[in-house]
Amino acid sequence: MARVRSVDLGNVFLDTLDGACELVLVRHGEQELRADKSLGDNRDAPLSELGRRQANAVGQRLAALDIAAVHSSPMQRARDTGQAIAAHHDLQVTLHDSIEEVDIWRGLDQDLTMVEANGGEEALVAVLREANRTSRWDAYPHGEDRLAFRERVVTTIEAIAAAHTGERIVVACHGGVINAYLAHVWGSELDNVCTVHHTSITTVRAMDDLRRVVQVNDHEHVKSFQSELNPLNSA
């Protein structure tokens, strides 16, 4: 079969991946966040009941595809989402610490709730509003460095792609991780370039030094049972 031509890399009907890697980036299912829990507990919260249903749905959605490997963040919500996908392909999930979600509260007391750690409701709302206005992680004054975060994400995803030339692979990760990689591909100074819903599918093809975004935020598989967001999971 002929090698993928660069002009066809973004073709949604592409019938070969020879010379290219198709990265299927899947955001984790909804996590079980609670306002009365500490930052530390919420940081690695497990999937909620809805999140487990979302993970099962995306696993079924991807079951018919030829998937060579499933890679994942080690955080519970991403790992369990990755396992729900891998189970349909008799695959083990490979974990990468470097694609954990950005830590926006890193410098704060992890034993306090989000409101307590930020000095009250008003102060927290001000931070969240600034982050929404700028779409940049440096709006969180105590968070992980935005450029260091992007570098660790891009380096890891690029290495994964290079190891799977000619194959389609899944990366189960986080909204911030997917946005970091898209921002890199698109050359954006923003950190959050678009919305990616829980278990949504974002597809990027990589060949040599070319990258083509094929689809973003495809969440058709959850629409039959989800019609609104949990306010704590609206981001």
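Tabulated data
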read-out: Odd one out for residue 50, checked against (1) assigned to a loop (DSSP other than H, G, I, E, B); (2) more than 17 Å from residue 25 (Cα to Cα); (3) not charged (D, E, K, R); value: (1)
read-out: Sole exception among (1) among the hydrophobic types (A, V, I, L, M, F, W, C); (2) surrounded by 19 or more Cβ atoms within 10 Å (Cβ to Cβ); (3) over 18 Å from residue 193 (Cα atoms) for residue 159, by number; value: (2)
read-out: Residues being under 17 Å from the mean Cα position of the chain (by Cα) and surrounded by 16 or more Cβ atoms within 10 Å (Cβ to Cβ) - total across the stretch 131-142; value: 2
read-out: Hits in the stretch 30-57 (condition: within 23 Å of residue 227 (Cβ to Cβ) and in contact (Cβ under 8 Å) with a residue 60 or more places away in the chain); value: 30, 31, 33, 34, 35, 48, 50, 51, 53, 54, 55, 57
read-out: Subset of the stretch 78-100 that is touching a strand residue (DSSP E or B) at 6+ places or on another chain (Cβ under 8 Å) and closer than 12 Å to residue 177 by Cβ - its residue that is surrounded by the most Cβ atoms within 10 Å (Cβ to Cβ); value: 78
read-out: Number of the exception - residue 15 against (1) more than 24 Å from residue 105 (Cβ to Cβ); (2) in a loop (DSSP other than H, G, I, E, B); (3) at pLDDT 95 or above; value: (3)
read-out: Hits in the stretch 10-43 - residues which are surrounded by fewer than 20 Cβ atoms within 10 Å (Cβ to Cβ), of a type in the set (A, V, I, L, M, F, W, C) and under 23 Å from the mean Cα position of the chain (by Cα); value: 12, 33, 35
read-out: Residue selected from the stretch 177-208 under the condition part of a loop (DSSP other than H, G, I, E, B), crowded, with 17+ Cβ neighbours inside 10 Å and among the aliphatic types (A, V, I, L, M), by the criterion farthest from the chain's Cα centre (by Cα); value: 193
read-out: Conditions (1) under 13 Å from residue 104 (Cβ atoms); (2) surrounded by fewer than 19 Cβ atoms within 10 Å (Cβ to Cβ); (3) in contact (Cβ under 8 Å) with a residue 40 or more places away in the chain; number of the one not met by residue 145; value: (3)
read-out: Lone qualifier among 80, 66 - being of a type in the set (D, E, K, R), outside any helix (DSSP H, G or I) and touching a residue at least 12 places away in the same chain (Cβ under 8 Å); value: 66
read-out: Condition check for residue 71: closer than 14 Å to residue 24 by Cβ, in contact with a helix residue (DSSP H, G or I) (Cβ under 7 Å, 6 or more places away or on another chain) and not in a helix (DSSP H, G or I); value: yes
read-out: Condition check for residue 148: in a helix (DSSP H, G or I), closer than 17 Å to residue 181 by Cα and either more than 15 Å from the chain's Cα centre (by Cα) or acidic (Asp, Glu) (or both); value: yes
read-out: Answer residue from the stretch 101-130, given it is free of Cβ contacts under 8 Å to residues at least 60 places away in the same chain and under 20 Å from residue 28 (Cβ atoms) and is surrounded by the most Cβ atoms within 10 Å (Cβ to Cβ) among those; value: 104
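The values are calculated or read from the model by the stated rules, or taken from the named source; none is laboratory data. Please read all numbers here as calculations on a predicted model, not as lab measurements. Heads up, the Cβs are rebuilt from the backbone with ideal geometry, glycines too, and the neighbour counts pull from every protein chain shown.
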